[in-house]
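Worksheet: the structure to be examined is printed underneath.
The values are calculated or read from the model by the stated rules, or taken from the named source; none is laboratory data. None of the values given here were measured: they were computed from a predicted structure. A quick note on method: Cβ atoms are made from the backbone with ideal geometry, for glycine too, and the neighbour counts reach across all protein chains shown. Ligands, DNA and RNA are stripped out before the accessible areas are found, and what is left, the full protein with its side chains, is counted by its heavy atoms. Shrake-Rupley method; radii C 1.70, N 1.55, O 1.52, S 1.80 Å.
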Amino acid sequence: MGLNTYKYSAISKSGQKVRGVIEGFNEMDAASRIRESCNVILKIEEENPEASESFLTRDLGGKKLNTKAFTVMCSQFAIILKAGVPIARTVELISGKITDKALKNILEKVKEDVEAGRRLSDSFEEAGDKLLPPTFIETIRAGEESGNLAGAFSDMHEHFDKEGKMKTKIRAALAYPVFVLVVAVIVVAIIMIKVVPTFTEVFSSMGTQMPLLMRVLIGISDFFCNYIWIILLIILAIFLGLRIYASSEKGRLSFAKRQLKMPMFGNIATLNSARQFANSMATLLAAGLPVTRAVSITARVISNYHISQEVGKLSAKIEEGRSLGDSMREAEIFPDILTDMTAVGESTGEMEQTLRTIGEYYDTELSDAIASLIRKIEPTLLIFIAIVGGFIVIATYGSMFSMYNTL
């Protein structure tokens, strides 16, 4: 059972008719989430993902949240609200200064709604169009209910600033090996398509017998020159086929489970999920959300789909009266350290601080795991490049010496 998207219309607690979309594991779960901000649900139905968002738009260039601009926006809200500026005026000031187009459009819609008397969280949820993280929406909603909206935005700034720095660190670590691999592929492609055919013409004009390695190299070159477009089309077809399969419920679950079983990459996926769980739960609990609601929201921000589903199921177990630590232990989806520390924090009443501490621990563990992976990839990549390059050099120079001997 995965997360589904539902369209709804309802009567808000202020008596206004509202429309929006919400994610839930089923219709009952979606309805319970809607009732947190609305008194009466008029209509709810599952949204057809193919009708609202095409495959190409979703996977090859759809909307993406600019994390840096979003983090700055949260900081601006926190600073201006702490100065005592009314919320409507705050939204107007920030929307006039922000440069990111997606966030600017959202803030302009929010400004109109807030001026009309709507709650800020409800307006962000509807105007965000699934672009804004659920953690952000629910923390702002909790801040409104507690009367500490500035503190909620401050927490969001700290949380997403931390997430943004982690993503930047991961991209920076992966940049070098990816760059080396791309350059190597381009260089080899140029040699095979441009340089090797030149040697073929020279040997053909001289009528000499080519060495075995050169014949093999020319055969590979001819294959790529003659079938390059077919090869590219096959690669594209495989890529699109995998993307379509991965967008289905069965495919997403299958890929997520396989990811967890992969050598090295599986450990990184597990550590990342543990980090996301701890950091998100700590932020939501600090905002004042109950554990069941915090778990339900956290399930929607975890990257690995299989773990996301299993975390979503924890809410039902907690509602039955079971502890979060015991429920996590039975699910067997997280490292023992996270499960045990969560249970300790739960028993001592310090779960927020415990999760915040364990989240920092897994931030470090993830960074170390990625650095270790890069250290293992780099020599493997260099050895592969050396073998390919060495084969080309030996074949070429062997052919040149053979040609000189015939002169």
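Gaussian network model of the chain, Cα springs within a sub-10 Å range: biggest mean-square fluctuation belongs to which of 99, 339, 357?
Between 99, 339, 357, it is 99 that shows the largest mean-square fluctuation.
From the Cα gyration tensor of segment 59-108, with a ≥ b ≥ c the square roots of its eigenvalues, which class applies: rounded if a/c is under 1.5, or else prolate if a/b is larger than b/c, or else oblate?
Details: a/c = 3.38, a/b = 2.13, b/c = 1.59.
The shape class here is prolate.
Rank these by accessible area, largest first, 1.4 Å probe: 283, 168. All intermediate terms of the calculation are to be shown ahead of the outcome.
Numbers: 283 10, 168 85 Å².
Order by accessible area, largest first: 168, 283.
Could you tell me which of the pairs 13/257; 97/169; 82/313; 111/162 are separated by over 31 angstrom between their Cα atoms in the structure shown?
Correct reply: 13/257; 82/313.
Using only Cα atoms and rounding to the nearest 10 degrees, what angle (0 to 90) does helix 67-82 make with the longest principal axis of the chain?
20
Binned at 5 Å from 0, what are the whole-percent values of the Cα-Cα distance distribution for segment 130-195, short to long?
Going out from 0 Å in 5 Å bins, segment 130-195 shows 3, 15, 13, 12, 10, 8, 8, 7, 6, 6, 5, 3, 2, 1, 0 percent.
Determine which aspartates and glutamates satisfy two conditions relative to residue 109: a Cα distance under 18 Å, and not lying fewer than 8 residues away in the same chain.
92, 100, 122, 125, 126, 129
Determine one quarter of the surface area of the Cα convex hull of segment 155-291, which equals its mean projected area, and express it in nm² to one decimal.
One quarter of the hull surface, i.e. the mean projection, equals 13.0 nm².
Given contacts defined as C-alpha pairs under 8 Å and at least six residues apart, what's the relative contact order of the chain, whole-number percent? Walk me through the numbers before you get to the answer.
Values: 423 pairs, mean separation 57.3, N = 407.
Answer for the chain is 14 percent.
If you build a Gaussian network model of the chain, linking Cα atoms that sit under 10 Å apart, which residue out of 232, 242, 253 swings the most?
232
Helix 149-190 against the longest principal axis of the chain: what's the angle in degrees, Cα atoms only, rounded to the nearest 10?
In the chain, helix 149-190 runs at an angle near 10 degrees to the longest axis.
How large are Rg and Dmax for segment 299-368 when calculated on the C-alpha trace, in angstrom?
12.2, 38
Tell me, what is the per residue accessible area of the chain in Å², probe radius 1.4 Å?
Details: 21960 Å² over 407 residues.
Using a 1.4 Å probe on heavy atoms only, each residue of the chain averages 54 Å².
Taking Cα atoms, how many degrees apart are the long axis of helix 305-319 and the longest axis of the chain, rounded to 10 and kept between 0 and 90?
Approximately 20 degrees, to the nearest 10.
Please give the direction-averaged projected area of the C-alpha convex hull for the chain, in square nanometres with one decimal. Before the final figure, lay out each step's value.
On the way: hull surface 98.5 nm².
If I average the Cα hull's projected area over directions, I get 24.6 nm².
Using helices alone, what [θ] at 222 nm do you get for the chain, with -39,500 (n - 2.57) per DSSP H run of 4 or more residues, divided over all residues and rounded to the nearest 500? Display every interim value, and only then the final one.
Details: 18 runs with 306 residues, N = 407.
Mean residue ellipticity at 222 nm (helix-derived): -25000 deg cm²/dmol.
On the protein heavy atoms, probe 1.4 angstrom, tell me the percent of accessible surface of segment 332-407 carried by carbon and sulfur.
Carbon and sulfur together cover 63 percent of it.
Would you work out the charge dipole size for segment 125-187 about its Cα centre, treating the Cβ of every Lys and Arg as +1 and the Cβ of every Asp and Glu as -1, and quote it to the nearest 20 debye? Don't skip to the end; give the middle numbers.
Working: 7 positive and 10 negative charges, 127 e Å.
Dipole size: approximately 620 debye.
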